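Below is one structure; the comments refer to it alone.
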Amino acid sequence: MTLGVLAVLAMAFVMFAGFWTDWLWYRSVAYSSVFTTTLWTKIGLFLVFGLLMAVAVGLNIWLAHRLRPPLSAMSLEQQSLDRYRMSLAPYKKWVLLAITALVGLIAGASASGQWRTWLMYVNGVAFGQKDPQFHLDVSFYAFDLPWYRFLLGFGFAATVLSLIAAAMTHYLYGGLRVTSPGARATGAATGHLSVLLGVFVSLKAVAYWLDRYGLAVKSSDFKATDNWTGLRYVDANAYLPAKTILFCIAAICAVLFFATLWRRTWQLPVIGFGLMVLSAILIGGLYPAIVQKFQVQPNEQAKEAPFIRKNIEATRDAYDIDNAQVDDYSGKSTTDDDAKLRASANDAASYRVMDPNVVSPAFQQLQQKRNYYQFPKTLDVDRYKDAAGKDQDTVIGLRELNLDGIPKRNWINDHFTYTHGYGAIAAKGTTTGKNPKGSPDFTESGLPTSGEFPKYEQRIYYGEKTEQYSIVGGPQKELDYEEDGEKTTSYQGDSGVSLSNAFNRAAYAVAFSEPQILYSGAIGDGSRVLYNRTPKERVEAVAPWLTIDGDAYPAVVNGRIQWVVDAYTTTNGYPYASRTTLGDTTADSLTTNQRAVVAQQNQVNYIRNSVKATVDAYDGKVKLYEWDTEDPVLKTWRKAFPGTVEPRADIPQELVDHLRYPQDLFKVQRELLTRYHVTNPAQFYSGSDAWQVPDDPTNKESGAVPPYYLSIKMPDQTAQKFSLTTTFTPKGRPDLGAFMAVDADAASKDYGTIRLLRVTTTVKGPGQVQSELNGNDDVAEFVRNLKGTDSDIEYGNLLTVPLEGGFLYIEPVYTRGGTQNYPLLRKVAASYGSKTVFENSLGEALNAVFGVTDSGTTPPDTTRPPGTTEPPATGDAALKKAIADAQKAYSEGEAALKEQDWAAYGKAQADLQDALQRAAAAQPKSGSANGAGGAKDSAKDGAKATDSATGSDEKGKPAGTDTSG
């Protein structure tokens with residue numbers, strides 16, 4: 001008995017531990033109201049609907065038993081059931097209780113999962129917009145209709161279970177006879193079951209009535225677009241009247257079933273039910289098919305035009321793309337002035353040559369410092385002030401903890417000693433560093449970090465890679481760093497849950513399946529456990545009604561590192577708005593391995609970036625800020641969870657400076673705009689102007705091109721604005737169809753303004769530009785030079801920038817391998833119009849693509865007659881300059897060899913050869929020219945010696961390299 005009691009208590013504690021640790025966690029983050037509101041809502045729904053189901057089923061079983069006939073004249077069929085009745089007789093009450101309890105528990109558990117539906121129903125706020133068919137506020141479809149459907153489904157379930165239970169009870173006690181001759185059912189059983197069937201048919205009538213409104217949010221296949229939502233011609237002119245007629249028939253049929261209480265016959269109800277089924281087939285199925293076949297299909301475009309217009313307007317409003325500005329853009333340069341184009345290119349954009357999707361390994365190699373630190377595979381882009389106080393596009397990543405790099409893995413090291421990352425590393429997005437050449441130009445680096453950031457708390461206890469729990473603040477010290485090197489520390493923050501008492505330790509030992517938590521000496525006074533440590537986990541936990549963006553990004557604000565998390569409110573009930581699946585729409589070429597997509601795979605047809613959330617990287621504090629002040633869905637949730645979302649006015653300005661337009665929302669909008677940029681129903685139906693998001697031409701993995709954050713100047717704008725950009729191609733074609741940009745700077749008055757440049761001529765698309773680049777002779781030679789060096793070429797982001805009526809493409813090109821296993825920027829490709837160039841730097845690429853020099857003027861070739869060349873310079877001055885140039889080229893060649901920069905080495909060798917030729921030409925004809933000859937021989941010998949030592953041939957290429965073709 002003692003062991004049994006202990007076993008029951010142990011099981012009860014295991015079940016209680018999860019609940020208790022959840023409560024402690026919510027209390028530690030100051031969001032206990034979310035826990036209690038959700039908990040009491042679930043409990044209330046469980047009790048109410050569990051009790052209703054139990055009462056419904058139990059009452060009908062009891063009533064069927066009460067209405068049983070006398071058993072004095074039993075048939076052979078009833079005699080065979082006698083042994084079952086006899087065995088149940090002593091336990092009738094217990095069997096009734098068990099059945100009702102079981103169905104009640106199942107129903108209650110199912111109902112508790114509808115807590116979101118209930119809270120939205122009771123707290124619903126009006127949208128202030130009405131649907132065009134029934135003229136009801138959108139809130140009816142978003143908040144009310146889902147709850148009515150749940151109630152209807154629960155009613156059907158309760159009725160069917162009651163009907164089955166009552167029929168079985170009647171059969172067991174003789175009220176129903178299946179095989180015996182004579183009456184099939186007693187009058188009491190007939191009346192009882194007829195009433196239940198009448199309730200079922202009544203619910204079906206209600207279902208028909210609700211189906212009328214459901215047509216406004218119904219999805220269907222339609223030629224005009226995928227995931228069509230809302231009424232079409234056949235719905236409005238066939239299904240809608242059919243549902244009304246079927247509602248009336250079902251109501252009449254229900255009355256006939258209820259009438260059996262007096263008539264005690266099923267003849268009329270059965271006839272009525274048969275007519276209802278036949279009507280459902282003819283009126284609800286056949287008639288709409290006839291209308292579709294003979295009225296709609298012969299002239300579908302004209303018939304569907306009014307409904308297409310409604311769908312376009314609703315979809316554009318639901319996804320907040322109704323105010324997108326669409327402008328025609330030729331795509332061809334409006335000027336032939338190369339100098340003007342070159343000058344305009346300087347102001348058109350801040351060209352990011354540091355691709356955050358490529359350079360993470362460079363951060364890892366140059367700034368990791370310890371094996372137990374790591375950077376995310378995809379870095380983030382933000383804006384920080386430079387030394388002159390001007391905003392500059394910055395690539396940033398946090399040095400987070402990597403348990404796999406710990407020298408010795410054990411429980412103490414994993415959870416007590418190595419507890420946090422250290423420091424934010426940042427680099428300029430538009431320039432490169434010089435050590436080594438082509439590396440990131442760091443503005444914040446080192447361990448601890450130093451640079452352009454003001455002093456800030458560098459310890460990172462909460463991050464995207466911090467998925468394990470840590471126990472801090474107790475007797476066991478943590479590894480840390482200070483200015484003079486490695487130190488130990490003890491966590492001073494107030495986050496986490498205290499483990500000072502034995503009860504909490506036991507609960508977490510059970511919750512984490514780690515018994516050492518209960519008895520370890522490393523835990524004592526002051527010990528706190530930190531868990532749920534990723535920004536997404538924390539925001540999802542404190543706001544389970546939000547949909548979280550796939551990319552949280554760090555920002556150094558007011559002396560702390562804050563994770564910024566964009567969050568969305570969504571609904572699936574916006575009438576006429578087409579649906580999209582978030583997980584599919586937000587996927588691109590980078591989401592497969594490098595960043596998490598939105599977890600929710602559910603379909604939505606309304607989305608707003610209504611909340612900006614922050615998570616402190618040191619103490620884990622979560623703050624939710626209202627962002628969209630007009631969103632009725634957010635207003636509804638704020639009523640349900642008062643005090644959890646802070647007003648927009650409370651956002652610190654320093655934080656606003658780092659807020660940006662979220663990527664996942666942008667990707668949803670761009671996917672919708674592939675079709676919904678068209679507002680003419682006839683053109684929309686034909687699909688003649690449909691676009692598509694092109695595949696990423698720079699990525700080996702298949703997938704849509706990701707959007708890029710970039711400071712650009714759109715046509716008619718006077719200054720660059722931090723923007724999120726993407727491109728479109730016409731459906732089924734590779735050329736450029738349109739360019740899209742949204743003002744992504746939260747501090748801008750034009751934040752969120754979407755601009756589309758619809759290309760009106762044939763312009764190369766991203767894939768075509770990449771193909772031209774791959775076939776470029778300079779690129780081919782560059783790739784050949786990499787053979788034998790264990791290096792490989794790696795393409796960066798292909799940036800598209802509107803420029804003087806045309807489009808300028810810029811693409812950084814990296815090499816990776818050899819002595820350095822991380823990407824270094826070696827080349828920059830540029831394309832404008834029909835010209836594609838491949839140069840050593842961004843400036844050279846811009847000069848080359850526009851045919852100008854550094855000064856912005858065309859090369860000076862107009863002073864000599866056509867076909868003549870400038871004679872070589874002679875004399876002592878020319879000789880001295882040639883010798884100096886040779887020495888300089890020789891030094892640059894040696895420096896390039898050390899860095900294995902074969903492109904720079906080849907250029908240096910070419911410069912050396914040119915200088916030697918000039919030196920030979922500058923010598924006097926009759927003199928000995930000892931100095932010149934000595935310089936020439938010395939330089940040649942030096943070059944040959946260098947080539948011999950490095951295994952290179954005389955042209956500066958690796959020995960054995962095939963330079964043919």
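The values are calculated or read from the model by the stated rules, or taken from the named source; none is laboratory data. Remember, it's a predicted structure, so these values are computed and weren't measured experimentally. Methodologically, a virtual Cβ is constructed for each residue, glycine included, from the backbone with ideal geometry; neighbour enumeration extends over all protein chains shown.
Do you know which residues across the range 601-635 are among the β-branched types (Val, Ile, Thr) and surrounded by fewer than 20 Cβ atoms within 10 Å (Cβ to Cβ)?
THR629 - this is the single residue of the range 601-635 that is among the β-branched types (Val, Ile, Thr) and surrounded by fewer than 20 Cβ atoms within 10 Å (Cβ to Cβ).
Hey, does the range 240-250 have a residue that's closer than 30 Å to GLY191 by Cβ, part of a helix (DSSP H, G or I), outside the structural domain of PRO146 (by TED's automatic domain parsing) and not aliphatic (A, V, I, L, M)?
The answer is yes, given that some residue of the range 240-250 is closer than 30 Å to GLY191 by Cβ, part of a helix (DSSP H, G or I), outside the structural domain of PRO146 (by TED's automatic domain parsing) and not aliphatic (A, V, I, L, M).
Report the residue count in the range 604-633 for those that are among the aliphatic types (A, V, I, L, M) and modelled with pLDDT under 95.
The qualifying residues number 1.
Pairs needed: first member in the range 459-477, touching a residue at least 60 places away in the same chain (Cβ under 8 Å); second member anywhere, of a type in the set (Phe, Trp, Tyr); C-beta distance under 6 Å; at least 6 residues apart or different chains.
Correct list of pairs: ARG459/TYR618; TYR461/TYR618; TYR469/TYR531; GLN476/PHE416.
Taking the options ILE412, ILE406, name whichever one is over 30 Å from LEU842 (Cβ atoms), without any contact (Cβ under 8 Å) to a residue 40 or more places away in the chain and not assigned by TED's automatic domain parsing to the domain that holds GLY843.
Exactly one of ILE412, ILE406 is over 30 Å from LEU842 (Cβ atoms), without any contact (Cβ under 8 Å) to a residue 40 or more places away in the chain and not assigned by TED's automatic domain parsing to the domain that holds GLY843, namely ILE406.
Would you point out which residue out of ARG116, ARG177 is surrounded by fewer than 21 Cβ atoms within 10 Å (Cβ to Cβ) and under 16 Å from ALA64 (Cβ atoms)?
Answer to the selection: ARG177.
I'd like to check something: does the range 693-700 contain any residue that is among the basic types (Lys, Arg), surrounded by fewer than 19 Cβ atoms within 10 Å (Cβ to Cβ) and within 22 Å of THR581 (Cα to Cα)?
no
Would you say LEU518 is in a strand (DSSP E or B) and hydrophobic (A, V, I, L, M, F, W, C)?
no
Could you count how many residues in the range 424-474 are more than 25 Å from the chain's Cα centre (by Cα) and either of a type outside the set (S, T, N, Q) or closer than 30 Å to ALA895 by Cα (or both)?
Residues in the range 424-474 being more than 25 Å from the chain's Cα centre (by Cα) and either of a type outside the set (S, T, N, Q) or closer than 30 Å to ALA895 by Cα (or both): 35 in total.
Quick grid of which residues meet (1) buried (at least 19 other Cβ atoms within 10 Å of the Cβ); (2) of a type in the set (Ser, Thr, Tyr); (3) more than 28 Å from ALA56 (Cβ to Cβ):
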position: THR186; (1), (2), (3): yes, yes, no
position: THR190; (1), (2), (3): yes, yes, no
position: LEU193; (1), (2), (3): yes, no, no
position: GLY198; (1), (2), (3): yes, no, no
position: LEU203; (1), (2), (3): yes, no, no
position: TYR208; (1), (2), (3): yes, yes, no
position: VAL217; (1), (2), (3): yes, no, yes
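Please go through the range 739-788 and give me each residue that is among the charged types (D, E, K, R) and assigned to a loop (DSSP other than H, G, I, E, B), ordered by number.
LYS749, ASP750, LYS764, LYS787
Could you check the range 798-834 and list, in sequence order, the residues that are acidic (Asp, Glu) and part of a loop (DSSP other than H, G, I, E, B)?
GLU804
Go through (1) surrounded by fewer than 20 Cβ atoms within 10 Å (Cβ to Cβ); (2) closer than 22 Å to VAL381 by Cα; (3) more than 21 Å from the chain's Cα centre (by Cα) one by one and return the number of the condition ALA587 breaks.
(3)
Taking the condition buried (at least 18 other Cβ atoms within 10 Å of the Cβ), in contact (Cβ under 8 Å) with a residue 40 or more places away in the chain and among the aliphatic types (A, V, I, L, M), does LEU401 pass?
For LEU401, the condition - buried (at least 18 other Cβ atoms within 10 Å of the Cβ), in contact (Cβ under 8 Å) with a residue 40 or more places away in the chain and among the aliphatic types (A, V, I, L, M) - is met.
For the condition within 29 Å of ALA280 (Cβ to Cβ), in the same structural domain as PRO241 (by TED's automatic domain parsing) and not in a loop (DSSP other than H, G, I, E, B), what is the one hit in TYR141, TYR213?
TYR213
Sort out which residues of the range 31-60 are without any contact (Cβ under 8 Å) to a residue 12 or more places away in the chain and among the small types (Gly, Ala, Ser), and write them in order of number.
Hits for the range 31-60 are SER32, GLY44.
Take the conditions at pLDDT 65 or above, over 57 Å from the mean Cα position of the chain (by Cα) and over 18 Å from GLY191 (Cα atoms) and apply them to PRO90. Does it pass?
Here the answer is yes, as PRO90 does meet what is asked.
List pairs: first residue in the range 662-675 and closer than 14 Å to LEU756 by Cβ, second residue assigned to a helix (DSSP H, G or I) anywhere in the structure, Cβ distance under 6 angstrom, at least six positions apart or on different chains.
Listed by first residue and then by second, the contacts come to GLU671/THR585.
Tell me the residue from PHE257, PHE363, PHE273 that is in contact with a Ser or Thr (Cβ under 6 Å, 6 or more places away or on another chain), outside the structural domain of ILE810 (by TED's automatic domain parsing) and aromatic (Phe, Trp, Tyr), please.
PHE257
Out of (1) surrounded by 22 or more Cβ atoms within 10 Å (Cβ to Cβ); (2) closer than 30 Å to ASN605 by Cβ; (3) not aromatic (Phe, Trp, Tyr), what's the single condition that is false for GLY331?
(2)
When you go through ILE245, ILE249 one by one, which is the residue that is buried (at least 21 other Cβ atoms within 10 Å of the Cβ) and either touching a residue at least 24 places away in the same chain (Cβ under 8 Å) or among the aliphatic types (A, V, I, L, M) (or both)?
ILE249
Can you pull out every residue in the range 535-581 that is free of Cβ contacts under 8 Å to residues at least 24 places away in the same chain and either assigned by TED's automatic domain parsing to the domain that holds LEU231 or within 30 Å of GLU313 (Cα to Cα) (or both)?
Once the filter is applied, which keeps residues that are free of Cβ contacts under 8 Å to residues at least 24 places away in the same chain and either assigned by TED's automatic domain parsing to the domain that holds LEU231 or within 30 Å of GLU313 (Cα to Cα) (or both), the range 535-581 yields only THR581.
Does at least one position in the range 586-603 carry a residue that is modelled with pLDDT of 95 or more, more than 26 Å from ASP22 (Cβ to Cβ) and of a type outside the set (Phe, Trp, Tyr)?
no
Any residue in the range 468-475 that is touching a strand residue (DSSP E or B) at 6+ places or on another chain (Cβ under 6 Å), within 22 Å of VAL358 (Cα to Cα) and modelled with pLDDT of 90 or more?
Checking the range 468-475: not a single residue is touching a strand residue (DSSP E or B) at 6+ places or on another chain (Cβ under 6 Å), within 22 Å of VAL358 (Cα to Cα) and modelled with pLDDT of 90 or more.
Is one or more of the residues making up the range 476-487 hydroxyl-bearing (Ser, Thr, Tyr) and closer than 23 Å to ALA617 by Cα?
yes
Taking interchain pairs and intrachain pairs at least six residues apart, which have beta carbon atoms under 7 angstrom, with the first residue in the range 631-650 and within 14 Å of VAL138 (Cα to Cα) and the second aromatic (Phe, Trp, Tyr) and part of a helix (DSSP H, G or I)?
Listed by first residue and then by second, the contacts come to THR636/PHE143.
Among the residues of the range 744-761, is any over 34 Å from the mean Cα position of the chain (by Cα) and free of Cβ contacts under 8 Å to residues at least 24 places away in the same chain?
Checking the range 744-761: not a single residue is over 34 Å from the mean Cα position of the chain (by Cα) and free of Cβ contacts under 8 Å to residues at least 24 places away in the same chain.
Which of the residues spanning the range 469-485 are more than 18 Å from ARG533 (Cβ to Cβ) and either part of a strand (DSSP E or B) or among the aliphatic types (A, V, I, L, M) (or both)?
Selection gives TYR481, GLU482, GLY485.
Under 8 Å between Cβ atoms, which residue pairs at least 6 apart in sequence (or on different chains) link something in the range 778-791 that is surrounded by fewer than 16 Cβ atoms within 10 Å (Cβ to Cβ) with a partner that is part of a helix (DSSP H, G or I)?
Hits for this filter: THR789/TRP902.
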